[in-house]
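In what follows, a structure is listed as structure tokens, so that the remarks can point back to it.
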Amino acid sequence: ATHPARGHVDSATPVAIERAADLLRAGDIVGMPTETVYGLAADALNPLAVRKIFAAKGRPADHPLIVHLPDVSHLPQWAAAIPKDVIALANAFWPGPLTLILKREAGVPDEVTGGQDTVGVRVPAHPVALQLLRQFGSGIAAPSANRFGRISPTTAAHVQEELGERVAVILDGGACEVGIESTILDFSRNQPEILRPGAITADDIARVIGRRPRVRGEDQASPVQHDAHPSGDAPRVSGALAAHYAPSTPLQLFAATQLVEQAAVLAGEGSRVAVLAHSVASPDDARLIWRQAPADPVAYAHDLYANLRALDALGADFILIEDLPGIPAWRAIADRLGRAAVGSGADQDET
Ligand code: TXA
Ligand code: MG
């Protein structure tokens, strides 16, 4: 059979998935759909393959990767200490958008863990990811399939835009259902802590383990922590860097009451202004490029990164986004937009 050209988007037929598993076994990297965002996949036990991920993303080597597993029975090969609560969480949320940080097993390569004594693991819910994992039969290391610091991809076409021929093939699994990255729950210390908010909330977790995990940044006055390195010297969670998920167009958030006025002021100064609103209606001002986002947080998250990409592609001078409600259902989205705002406006190569 002829192999598709490098960087090709391949419909995820059983044959294509088998071919992708072979490419992983051969030490190559492939684009893989998950229910959250697309991942850049490599054999997690092959240090040379894992290094290709960092090279393709332009990501610093000390940033650890999530290991994706076919099912919970693989967990003991990767995690050394598995508390009862972790099994309960896995049973409740896997396959699904919850990443657990646990003490690592000795055999997990340093390339995957960033040299730390912990490993991040999850079982993704996308049928194509699960078929690939079953075919492959072992852990797949996969960060989001974007260049470092940029907007995560939620379609196969996004992955191709980001990485092109750096990947062997991209399996097309359609638009990602969730649309933002998994919740990361650190279970490697005394007290569980959410390091990155996602579709699974602190309250969802509390219902399973009977106590509410701490949430990084929640005690702060602002819901989003904007320190350059919120967790200390070495960034343990690159998605927690202040500047992340960022378009190259300067992006600012405004309260609903100020959105239209701010947009009009900038347009009046001769700037090209693009707006993303979810409750404010278009003011019928022809100078503005208006994009209406869903008013419901689940649908908003699903469309978020495609909307940011579309707005960024307009070549506008500013992107203005309507601020989000300060309630738990919007928390993960507010987190991503806060970081997108901090990281925006930089050149592709500077982030
Ligand atoms: O939804 C997702 O989680 C997607 C899909 C592809 O699974 N993956 C993803 O990977 O978002 P990535 O690498 O873009 O973000 C994972 C985050 C990184 O910020 C990384 O630093 C953190 O997880 N992480 C991974 N292992 C860790 C560990 N042992 N300790 C602390 N943070 C860890
Ligand atoms: Mg990422």
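Before moving on, here are some points about what is shown:
- Scanning region 11-49 for residues that are farther than 18 Å from residue 130 by Cβ and surrounded by fewer than 24 Cβ atoms within 10 Å (Cβ to Cβ) returns 26, 27, 28, 45, 46, 47, 48, 49.
- The condition (being within 10 Å of ligand 1 (Cβ to nearest atom), under 22 Å from residue 112 (Cβ atoms) and modelled with pLDDT of 95 or more) is satisfied by just one residue among 142, 168: 142.
- Considering residues of region 148-165 that are away from ligand 1 (no atom under 11 Å from the Cβ) and over 12 Å from residue 37 (Cβ atoms) only, the residue farthest from the chain's Cα centre (by Cα): 165
- Number of residues in region 101-116 that are more than 18 Å from residue 189 (Cβ to Cβ) and surrounded by fewer than 17 Cβ atoms within 10 Å (Cβ to Cβ): the value is 3.
- Residues of region 54-100 that are in a helix (DSSP H, G or I) and over 19 Å from residue 189 (Cα atoms): 54, 55, 56, 57, 72, 73, 74, 77, 91, 92, 93.
- For region 27-69, a tally of residues being more than 22 Å from residue 117 (Cβ to Cβ), within 14 Å of ligand 1 (Cβ to nearest atom) and of a type outside the set (A, V, I, L, M, F, W, C) returns 9.
- Filtered by the rule that a residue be of a type in the set (Asp, Glu) and more than 10 Å from ligand 1 (Cβ to nearest atom), region 106-139 gives 110, 111.
- Selection status of residue 37, in contact with a Pro (Cβ under 7 Å, 6 or more places away or on another chain) and under 16 Å from residue 170 (Cα atoms): yes
The values are calculated or read from the model by the stated rules, or taken from the named source; none is laboratory data. On a predicted model such as this, the values are computed, not experimentally measured, just so you know. Glycine also receives a Cβ, built like all others from the backbone with ideal geometry; neighbour counts cover every protein chain displayed.
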